[in-house]
Structure formats: structure tokens, C-alpha cells
Amino acid sequence: MPVLHTPRRDVRLLLVLLAAAALHTVPAAPAAAADEPGWTAEPAAGTAAARPGGARPYFYLEGAPAAVLEDSLALTNTTDRERTITLRGADAHNTADGALAVRPAAPAPGAGGAGSWFSFGAGATVKIPPRTRAVVPFTVTVPPAAPPGDHPAAVIAAEAGREAGVRVHLRVSGPALAALTVEDVAVRGRGAAAVIAYTLVNRGNVTLAPALDIRAEGAFGEVPGRGPRAVPVELLPGRRVELTEPWPGAPVLDRVRVTVTVTAPGGAEAAASASAWFVPWRAAGWTGLGLLGLGGTASAALFLVRGRRLRRGPAADGGPPGEPAETTPAPEHELTGASR
């Protein structure tokens, strides 16, 4: 495929391109993060999903199985030396905490991921002269047996350890299913550090933007939870993410049942619950120590009293131990041998 080179002299336009490309930059090693990145990558100007001025934030491609979809990537060299940039397609996925990422290496042909559907032809390696913009066409060939729904992907441009990724929202035509589940609900921490942990699983074939609602019911009635709010996660099909939600209003002393309800556009809804005890363990610990101390003091006093009684021994007449024996006066005898 031909690669078109167009000199750029408008400094303001270059700054706009740099800012737009920064939104798509894949985090790289600190050594690759320079004050002057040197080049940018973004969708070539078009009408689909266009921003004011013609710039697009990402690629959006849709087609039926066996379709061949086409688009173009714009690479801009802002330096005074030639740049050699390599291009590839990559599968996009959610990390365990919900962030978006791409696979670190090019997928093998036939591996099944959408990253293997991309072809750049002769433009897989592009040499860009100084102060020049190159437009690189590419195609996405949808396999005949590709399932309907979203197949998240990205176009990755790389040079000397630095990578920039541009998202591709790729959808295969057919029935769309929005479905999710909530799993592994648990309450962790206490007081202001309490959090509600849960896992979201996208069981459908389209990307979801979920909203969250947390309700809590205690032994004494409803407990303040967390009202409806958007979850800052774009949940891709088939992915599982583990999230936590701060709960500063957690009770101090109560047994609470927490219910996590999640909804998403398209009719997806799921809920799950978990129970937790909230006990001020420090106060309970001091109370327990106090009770133990009181019990120990009472036991020691009883032991001393019993020991004192045992040391005195039983009474001489068989009376209770520790009491003095009663004394009986000696009898008076009649004198004999006296003169009459």
C-alpha cells in the first residue's frame, strides 16, 4: 500500500496533533519518556467520529463476517531527523483492576484475536523524513466465522522502545447482547478505611459502561451506603475486573448486609450481597481485659479466705474450724478423814 508524505509547517497544528496523540500513548519505560517525543500517531482526518477540525479520537470500524474494512493512520515527525516506525495490530483487554491495555506482542496469524486481523502491507515499517506527516492505509479482514459483537483492538506504532497506541472500536455485525454478573462481594477494613470489594464480569458480547448502586441494611435499619454512580471502567466483552468502593459511612457496631447492584445500557443488570460484622475491637478488647482482671481479683480473694480457714484447723469439740473450743470447770470433790 502507498505511504503518502505531506510536509507540515503550521506549528499550531503540530501542537494540536501532539496533544491528541498524547491521549493514546501507551506507558513506556522512563528512559523513553522525553520532553520532545519526536513523533505522534492518530487516526487520519475523516468524517466518522470526527472532532471539530477533523481530528478523530479513535478508529471505529464495523462490518459483517468476511468483510474487509479500511482506514488510515497519520504519523507526524516533528523533529529534524528521519524516523523509522513499525506498525502492528494488537488485542485490547482489561487488566485485573479495570484499566485498558494491549497485548505486548503481535498476535500470531490465526490466533483468533482481533489484533491478527490487521494488515499494513508495505507500510508495516515506515520511514518518515524530518518535519513530515505520513498517512499509512491499513485493512482489517474480519474472519468468516467471527462472532458478532465488539472485538476491542488497537493500532500500535513503535520506535526505539517507545510505543503509541490508537484504540480501534471494532464491531462485527449481528445480535448484540449486554449481560454482566456481580461476584465476590466482601467488606474489608473498618471505620473510615472500610471498602466494599466486588468483581464484575462481562458475560455479553458488547463493551459496557456500568453504573453502581450500594445499599446496606443493619440490625437497626438501613445504613448509609453509596448512591448510584458511574463506575470508571470500560468493561470489555468476556473480561473480569476486581474493584473496590470506599465506604466512609460504615457503622461502628452493627451486623450489616451489603447489596451491590450494577446496571449498564442495553438492559444489563446484576446484584449480589454479603454480610459483615462491625465491632469496635479495641474497645471490646479493653472491656474483656477489665472483666478478666475483675474475675481474677475475685478468685484470688476467695482463695485467700479458704487458705486462712484451712490453716486454723478444726475445733477441739468438732465445731466449725476457726472458732475457739468451749471450756468446762473441774468438779468439786468431798474431803475425807476429817475429825467429826
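The values are calculated or read from the model by the stated rules, or taken from the named source; none is laboratory data. As the structure is a prediction and not an experimental result, all values here were calculated from the model. Here the Cβ positions follow ideal geometry from the backbone for every residue, glycine too, while neighbour counts run over all protein chains shown. Calculation scope for accessible area: heavy atoms of the full protein, side chains included, ligands and nucleic acids excluded. Shrake-Rupley method; radii C 1.70, N 1.55, O 1.52, S 1.80 Å.
Just how many % of Cα pairs in the stretch 187-269 lie over 18 Å apart, if you round to the nearest whole percent?
44
If a/c stays under 1.5 just call it rounded; otherwise compare a/b with b/c (prolate if a/b is bigger, oblate if not). Do that for the stretch 86-165, with a ≥ b ≥ c from the square roots of the Cα gyration tensor eigenvalues.
Numbers: a/c = 2.37, a/b = 1.40, b/c = 1.69.
It is oblate, given that a/c is not under 1.5 and a/b is not larger than b/c.
Mind checking the full-extension length gain between Ala145 and Thr259? Use 0.36 nm per residue of separation minus the Cα-Cα distance, one decimal, nm.
Gain on stretching Ala145 to Thr259: 37.0 nm.
Which residues' amide hydrogens lie under 5 Å from the amide hydrogen of Asp91, considering only partners 5 or more residues apart or on another chain, with H built in the peptide plane?
Hits under the 5 Å cutoff: Arg103, Gly115.
Could you look at the stretch 125-282 and say what percent of its accessible area is carbon and sulfur, using a 1.4 Å probe and all protein chains?
Result for the stretch 125-282: 56 percent of the exposed heavy-atom area is carbon or sulfur.
Work out how much length Val195 to Val279 would gain on full extension: take 0.36 nm times their residue separation and subtract the Cα-Cα distance, in nm to one decimal.
That works out to 28.7 nm of additional length.
If I stretch the segment between His169 and Thr95 completely, what's the gain in nm (0.36 nm per residue apart, minus their alpha carbon distance), one decimal?
Stretched fully, the His169-Thr95 segment lengthens by 24.9 nm.
I need the phi-derived Karplus couplings for the stretch 237-246: 6.51 cos²θ - 1.76 cosθ + 1.60, θ = phi - 60°, integer Hz, Gly and Pro marked x.
Those phi angles translate into x, x, 9, 10, 10, 10, 10, 10, 10, x Hz.
Explain nothing, just compute: Karplus ³J(HN,Hα) = 6.51 cos²θ - 1.76 cosθ + 1.60, θ = phi - 60°, for every residue of the stretch 120-131 in order, whole Hz, x for Gly and Pro.
Along the stretch 120-131, the couplings run 10, x, 6, x, 5, 10, 10, 9, 10, x, x, 6 Hz.
Glu62 versus Arg203, label points 7 Å from Cα toward the beta carbon: distance in nm?
Once both label points are built, they end up 2.5 nm from each other.
How big is the dipole moment of the stretch 102-209 about its Cα centre under a simple scheme where the beta carbon of each Lys and Arg is +1, that of each Asp and Glu is -1, and everything else is neutral? Debye, nearest 20, please.
Approximately 340 debye in magnitude.
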